[in-house]
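J.: For reference, the structure I am asking about is given below.
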Amino acid sequence: MSTTTATAPSVQRTAVQKKTDPARARRRRRLSQWGFIAPAVVFMLLFFGYPLVRNVVMSFQDFSPSTFFDGKSPFNGTDNWSKVFHDDLFGKALWHTIVFTIGSLIGQFGIGLALAVFFTKRFPLNGFLRSLILLPWLVPMVVSGIVWRRILDQDTGVLNSFAETIGLGGATPWLTSPGMALFSVVMVNIWIGIPFNMVILYGGLQEIPKELYEASSLDGASAWRTFRSITLPLLKPVITVVLVLGFMSTVKILDLILALTDGGPADATQTLGTLTYQNSFVQLDFGAGAVVGNVLILISAVFAVFYLRANRSEGK
């Protein structure tokens with residue numbers, strides 16, 4: 001009897017200590033935090049980390065269609081990299097990617113910002129027109145490409161027929177001339193990207209306090225001075241996000257170019273994205289395709305680092 005009576009309080013004290021032990025509480029809290037993070041980490045490693053590492057490894061292998069059957073993909077050193085970098089088409093594709101990306105970003109951002117500023121004014125059908133401009137964004141890119149391919153057709157396209165009707169000539173080879181094709185593809189991509197730029201910039205403009213514009217008006221500032229001194233500085237974080245996301249989505253575009261020109265004519269619209277596709281799935285040279293893909297990833301990573309540094313500087 002006496003042993004049972006002495007043990008009961010001791011067990012109770014141990015239970016209370018376990019409940020109030022701060023180190024134990026911290027461990028449980030940390031474990032629960034890792035429990036929430038773990039699914040995201042596993043997802044990132046599985047669907048982003050592994051493909052990236054596999055692509056890098058593949059660029060140093062002789063990976064051919066027979067590899068899928070016999071599993072043999074011997075390392076060939078830097079042969080794939082040397083072959084790609086000594087190919088004239090790679091230089092052309094890199095230049096076309098630069099022109100395509102910069103041209104698209106300038107057009108999308110400039111027109112998107114102008115429309116965003118325009119729609120901050122109150123006028124009838126404002127909401128309806130804004131909704132109408134979103135349509136290109138809602139249509140799948142392949143569908144947009146096919147529709148524009150018909151519109152820009154040299155013989156039966158609507159654009160040339162309209163130009164002929166108003167006396168501007170009607171035989172412009174928008175997609176079949178090496179000198180016009182890249183320009184036409186950039187124009188179509190600008191049309192597709194305007195809604196995204198306008199929506200994000202319009203949201204940013206709504207966050208700028210109206211009192212600043214009222215004070216500027218009372219001081220007699222011109223519209224351009226108000227835009228340069230108030231709108232642009234306060235819109236800078238949104239502009240950074242729009243340009244970074246625009247760059248990320250533009251530099252790797254594949255489906256639009258395939259639907260419009262398939263990289264032609266005479267490789268005039270061949271970009272790094274289409275070159276990766278051509279090497280991997282047309283010529284079945286997976287090693288060379290992986291090399292071009294890694295170059296694309298490297299370009300995006302460098303741009304992402306600049307973006308993070310700019311954000312860090314703004315946060316200080």
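The values are calculated or read from the model by the stated rules, or taken from the named source; none is laboratory data. Predicted, not measured: the structure shown is a model, and the values here were computed from it. Neighbour counts are summed over all protein chains in view; Cβ atoms, including those assigned to glycine, are modelled from backbone coordinates with ideal geometry. Surface accessibility is based on the protein's heavy atoms, side chains included, excluding ligands, DNA and RNA. Shrake-Rupley method; radii C 1.70, N 1.55, O 1.52, S 1.80 Å.
J.: For region 264-284, which positions are surrounded by 17 or more Cβ atoms within 10 Å (Cβ to Cβ) and either among the polar types (S, T, N, Q) or modelled with pLDDT under 90 (or both)?
T.: Within region 264-284, THR269, GLN270, THR271, THR274, THR276, GLN278, ASN279, SER280 meet the criteria.
For every residue, the table says whether it meets (1) farther than 30 Å from GLN278 by Cβ; (2) in contact with a helix residue (DSSP H, G or I) (Cβ under 9 Å, 6 or more places away or on another chain).
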residue: ASN80; (1), (2): no, yes
residue: PHE85; (1), (2): no, yes
residue: ASP88; (1), (2): no, no
residue: LEU105; (1), (2): no, yes
residue: LEU113; (1), (2): yes, yes
residue: ALA116; (1), (2): yes, yes
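J.: Go through region 55-102 and report how many residues are closer than 28 Å to LEU45 by Cα and not hydroxyl-bearing (Ser, Thr, Tyr).
T.: Final tally of qualifying residues: 20.
J.: Tell me, yes or no, whether region 51-67 has at least one residue that is part of a helix (DSSP H, G or I), among the hydroxyl-bearing types (Ser, Thr, Tyr) and under 20 Å from PHE281 (Cβ atoms).
T.: Within region 51-67 (the criterion being part of a helix (DSSP H, G or I), among the hydroxyl-bearing types (Ser, Thr, Tyr) and under 20 Å from PHE281 (Cβ atoms)), the answer is yes, since at least one residue qualifies.
J.: Looking at (1) open to solvent by 80 Å² or more (accessible area, probe 1.4 Å); (2) in contact with an Asp or Glu (Cβ under 7 Å, 6 or more places away or on another chain); (3) not polar (S, T, N, Q), which one does PHE69 not meet, given that it meets all the others?
T.: Status for PHE69: all satisfied but (2).
J.: Same structure again: Being aromatic (Phe, Trp, Tyr) and surrounded by 10 or more Cβ atoms within 10 Å (Cβ to Cβ) is the requirement here; does PHE85 meet it?
T.: Criteria met by PHE85.
J.: Name the residues in region 147-161 that are of a type outside the set (Lys, Arg) and loosely packed, with under 13 Cβ neighbours inside 10 Å, would you?
T.: To start, the set of residues in region 147-161 that are of a type outside the set (Lys, Arg) comprises 147-148, 151-161.
Answer for region 147-161, where residues must be of a type outside the set (Lys, Arg) and loosely packed, with under 13 Cβ neighbours inside 10 Å: ASP155, THR156, VAL158.
J.: If you don't mind, there's one more thing I want to ask. Within region 303-313, does at least one residue satisfy the condition of being open to solvent by less than 10 Å² (accessible area, probe 1.4 Å) and touching a residue at least 60 places away in the same chain (Cβ under 8 Å)?
T.: Checked region 303-313: no residue is open to solvent by less than 10 Å² (accessible area, probe 1.4 Å) and touching a residue at least 60 places away in the same chain (Cβ under 8 Å).
J.: Take the residues of region 132-141 that are open to solvent by less than 70 Å² (accessible area, probe 1.4 Å) and assigned to a helix (DSSP H, G or I): which is nearest to ILE190 (Cα to Cα)?
T.: Filtering first and then ranking leaves PRO136.
J.: Here is a list: LYS252, LYS236. Which entry is under 29 Å from GLN154 (Cα atoms) and either open to solvent by 20 Å² or more (accessible area, probe 1.4 Å) or not polar (S, T, N, Q) (or both)?
T.: Criteria check complete, one pass: LYS252.
J.: When you scan region 205-316 for helices (runs of 4 or more DSSP H) that lie fully inside it, which ones turn up with 2 or more residues that are aromatic (Phe, Trp, Tyr) and in contact with a strand residue (DSSP E or B) (Cβ under 8 Å, 6 or more places away or on another chain)?
T.: Per the criteria, no element qualifies.
J.: On to the next question. Here is a list of conditions, (1) over 15 Å from the mean Cα position of the chain (by Cα); (2) more than 18 Å from LYS92 (Cα to Cα); (3) surrounded by 14 or more Cβ atoms within 10 Å (Cβ to Cβ); (4) among the hydroxyl-bearing types (Ser, Thr, Tyr), and SER217 meets all of them except one; can you say which number that is?
T.: In the conditions (1) over 15 Å from the mean Cα position of the chain (by Cα); (2) more than 18 Å from LYS92 (Cα to Cα); (3) surrounded by 14 or more Cβ atoms within 10 Å (Cβ to Cβ); (4) among the hydroxyl-bearing types (Ser, Thr, Tyr), SER217 misses (3) alone.
J.: Would you check if there is a residue in region 220-232 being open to solvent by 70 Å² or more (accessible area, probe 1.4 Å), modelled with pLDDT under 90 and either under 30 Å from LEU135 (Cα atoms) or under 19 Å from the mean Cα position of the chain (by Cα) (or both)?
T.: no
J.: In this structure, is PHE118 open to solvent by less than 60 Å² (accessible area, probe 1.4 Å), out of contact with any Cys (no Cβ under 9 Å at 6 or more places or on another chain) and hydrophobic (A, V, I, L, M, F, W, C)?
T.: no
J.: Output the residues belonging to region 162-206 that are of a type in the set (Ser, Thr, Tyr), surrounded by fewer than 19 Cβ atoms within 10 Å (Cβ to Cβ) and over 14 Å from ILE257 (Cα atoms).
T.: Here is the first cut: in region 162-206, the residues of a type in the set (Ser, Thr, Tyr) are 165, 172, 176-177, 184, 202.
With surrounded by fewer than 19 Cβ atoms within 10 Å (Cβ to Cβ) added as a condition, the list becomes 165, 172, 176-177.
Scanning region 162-206 gives THR165, THR172, SER177.
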